[in-house]
Each structure stands twice: as C-alpha cells, then as structure tokens.
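Down below is the structure, laid out as structure tokens.
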Amino acid sequence: MVILEHPSPNYDERGRTIDMVVLHYTGMQSAAAARDRLCDPAAKVSAHYLVDEDGTVIRLVAEARRAWHAGVSFWQGATDINARSIGIEIVNPGHEFGYRPFPATQMAAVERLLAEMLARHEIAPARVVGHSDVAPSRKQDPGELFDWQRLAARG
C-alpha cells in the first residue's frame, strides 16, 4: 500500500501501548479542507491517517506519536483514548455538509490500512471503534452509512 506523507505539527508523545483504532469521518466539505485543518497548528487537531474517497492514504502523524483526534473520550473504563489509539479520518462531508455513503474504493483502502495496522500492533478487531463509540454524547461519526458489516466480513 502506498502511503503519502503530509506531516501535521499537531501531536505529542504517546506514553502508552497502542491497543485500539478510532475511525472518524472528516465532516468537512473537501479532502483538502480536512487535510489543511488537521495540519493547522492553530486548530490543535490531527489524526494519524487521512483516507480520501479515491482510496488515497495520507499519513499525517507517525503511529509512534499521540495524534489529537478523539478529544474527551472513554472506552471500557479507559480515558485519554488518544494515547492508546490510532486515529483514521475518512473523507466524508458528514451530517452537516451532505453525508453520503463511503465509496467502495475508499472502504477497500481503509480495510488494507487496518489489516496492516492490526497485525503490526496486535490489535483485536473488536478494538476498532467509531468516534461515536468513544465520545457518544458529542460525536456521531463515522455514522450510520459507514459499512461496518463490510469491514467485519473482512476481519
């Protein structure tokens, strides 16, 4: 898998072992707008990867670093989900800008990225969650149109 590099300055030291992945949608009008925001020092947000609708994968933050993607969050009694997770932003305008299904090419890229990542970090598939799972009172992404069944069928 070819991964392009577009480093974000928005990260710090992880300080924990990676044991989960959080999937997001970008919720912005374009991939370029999402990339720019995730790399804007004033925004203070980032993710490890950005997956465009055409399947292009961009690494924004090295996996060894703590990206700032989950915000105030919790999962199975743990807080500071950013410290223990890899964040993947999936380009989609989201509920605010015309939410739509995720293209098959994009889903295939997410599947390949996850397969490599889960193997590399020995993450159980059940620990791949949505932003809405770790921040249910404030987030709804990746949303009801994200194809969780397809993802599960591919392991």
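Quick notes on this one:
- Working note: Cα atoms of segment 61-111, range along each principal axis, descending, whole Å: 31, 24, 20.
- Over the chain, DSSP H runs of length four or greater, each weighted -39,500 (n - 2.57), average out per residue to a 222 nm ellipticity of -7000 deg cm²/dmol.
- Antiparallel bridge percentage (DSSP; both residues within the chain; nearest 5): 35
- Once semi-axes √(5λ) of the Cα gyration tensor in Å is calculated for the structure shown, the corresponding label among [x] 38, 29, 14; [y] 31, 25, 15; [z] 19, 18, 16 turns out to be [z].
- Principal axis box of segment 61-150, alpha-carbon based, largest edge first, Å: 31, 30, 24
- Computed E for Arg150/Thr17 - FRET, C-beta separation, R0 22 angstrom, nearest 0.05: 0.20
- Ligands, DNA and RNA left out, the 1.4 Å accessible surface of segment 69-155 is 53% carbon and sulfur atoms.
- Per residue, segment 80-131 exposes 38 Å² of accessible surface when a 1.4 Å probe is rolled over the protein heavy atoms with every protein chain present.
- Distances between every pair of Cα atoms in segment 100-155, grouped in 10 Å steps from 0 to the bin holding the largest one, split as 21, 51, 26, 1 percent.
The values are calculated or read from the model by the stated rules, or taken from the named source; none is laboratory data. Since we're looking at a predicted model, the values are computed, not measured. Because the Cβ atoms are built from the backbone with ideal geometry, glycine has one as well, and the counts that use them run over all protein chains shown. All accessible areas refer to the heavy atoms of the entire protein, side chains included, with ligands and DNA or RNA removed. Shrake-Rupley method; radii C 1.70, N 1.55, O 1.52, S 1.80 Å.
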